[in-house]
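Here the structure comes first, spelled out in structure tokens, and everything after it is commentary.
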Amino acid sequence: MVETDTPRTEVVEAPAYRFVIYALVILMHLMLGVAFLAPASVLPLITESWDLTRSQGGFVVTSVTLVFTVVTIPAAIIVSRWNLRVVFGVGWALLGITALTPFLSGFWWFIALRSVQGVGAATVAPLTATIIMRWAPPREVPIVNAVALAFLTVGLGVAQYMGPLLAGWTNWEWAIAIEGFVAAAAALLFVFLWRERAPLGGVPPEPVKIGAILSVFKRRETWLMSFAVVGPWAQFITLNTWLPTFFEEERGLSLAMAGLMAGIFSLAGAPANVIGGAIATFIGRRRPVIIWSGLIVGAAGMTTIYAPVGILMFTAVIVTGFLHWLYEPSLFTIPIELPGSSPEKAGAIWAAILTAGNASSFIAPIIAGFIIDETGSFVIGIAVIAVTSFTLFIAGILLPETGPGRLNSPRPVN
């Protein structure tokens, strides 16, 4: 299944077709966001249904990230030589495996379904870099990244908002199943619409060498970008997991209203990604947005807990959600801009970033849930995680600048 220019892969020469590819990438990110947080907004119903502890409840949400963490790097290395339509289409379809939730009821069955989702996510997320690098002109890369990530946040927000709404119409099992059906159906669009771009000069590229992909894991830049996301991603998923429960139990909001507030927290990332991508494109630099976001995102996260119900809570939720996504278009553009990069190398660096971020995302809500159980305090549980967000600031200081507006050339990629 090595991907080559064969009759089985339709080739398109028209550059305008890239906008169809962009639309598919954006739609996939929307479905990815829905898949990741579908259980979070109905977590009180799940924990009550199965009589779970808070730590187990955290595992319901983050089990997908455990598998994602383990599978992402091997998947990025192995599937780089396979037919992209098949791999991406199957991976996307696996995001909809939770459509089986009503038919395989039980805690461990649900964990198994979430784990399969993790395999799907680990397959498609790194390949996004490969697709973007094949189709997007250099100047469009930050904008494509920004819009795709914006729709990832829209998906997170849709999951938080639609979960209680659908559960009110049916039950939480069917609420999650409906979202799964939509993801599986959307995967068919990719299979139907995907076309490979005609190679420059009509000469097909040489098959990618595994050694060239593995070389990126020796790079200082790869490790720094992976370290950057550890803290902020831990805080983001912790807030997404526990804010609905906190707002319901401590602030007296209804489950639907708590889910709406958590959805706003995620949806704030949509304009943040677009604005962040626009800033990176306009100034031609990547590090400033990363550094400033890393400096203040942790403190912003704590305001969501301390702010009283009303306009202050609403503002805190929006600002914190905004800051969690403002830097991501810059960060995920750097692997594509590194000298000597290729679609496969960029995908492997994305895999490293996603692995580190999702490892912390898996652990953090469980740790926070344990602290909340032991202390009875949401403030302490979330504060412990908030401190880690400074990894973004530290990495931003140490990363090289790769944008066209840089003053000094970055180190070459070996």
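Below, the figures for the structure above:
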quantity	calculated
Where the Cα pairs of segment 273-396 fall when distances are cut into 5 Å bins, in %	2, 11, 15, 19, 20, 14, 9, 6, 3, 1, 0
Segment Gln56-Thr303, length gained on full extension (0.36 nm per residue, minus Cα span)	86.3 nm
Whole-Hz ³J(HN,Hα) from phi, Karplus 6.51 cos²θ - 1.76 cosθ + 1.60, for segment 314-330, glycine and proline x	4, 5, 4, 5, 5, 4, 5, x, 4, 5, 5, 10, 4, 7, 5, x, 5
Relative contact order, percent, segment 67-146 [alpha-carbon distance under 8 Å, six or more residues apart]	40
Arg197 long-range amide H proximity, modeled H, under 5 Å	Val12
Span from the segment 365-402 Cα centroid across to the segment 97-137 one, whole angstrom	25
Accessible area of the chain belonging to carbon and sulfur atoms, whole % at 1.4 Å probe	72
Segment 281-414: relative contact order in percent, alpha carbon pairs under 8 Å with at least 6 residues between	45
Kirkwood Rh in Å, taken over all unlike Cα pairs in the chain	21.3
Where labels lie 7 Å past Cα in the beta-carbon direction, separation of Asp373 and Glu48 in nm	2.0
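The values are calculated or read from the model by the stated rules, or taken from the named source; none is laboratory data. Worth saying up front: this structure is predicted, and the values here are computed from it rather than measured. Neighbour counts are summed over all protein chains in view; Cβ atoms, including those assigned to glycine, are modelled from backbone coordinates with ideal geometry. Accessible surface is based on the protein model in full, side chains and every heavy atom, while ligands, DNA and RNA are left aside. Shrake-Rupley method; radii C 1.70, N 1.55, O 1.52, S 1.80 Å.
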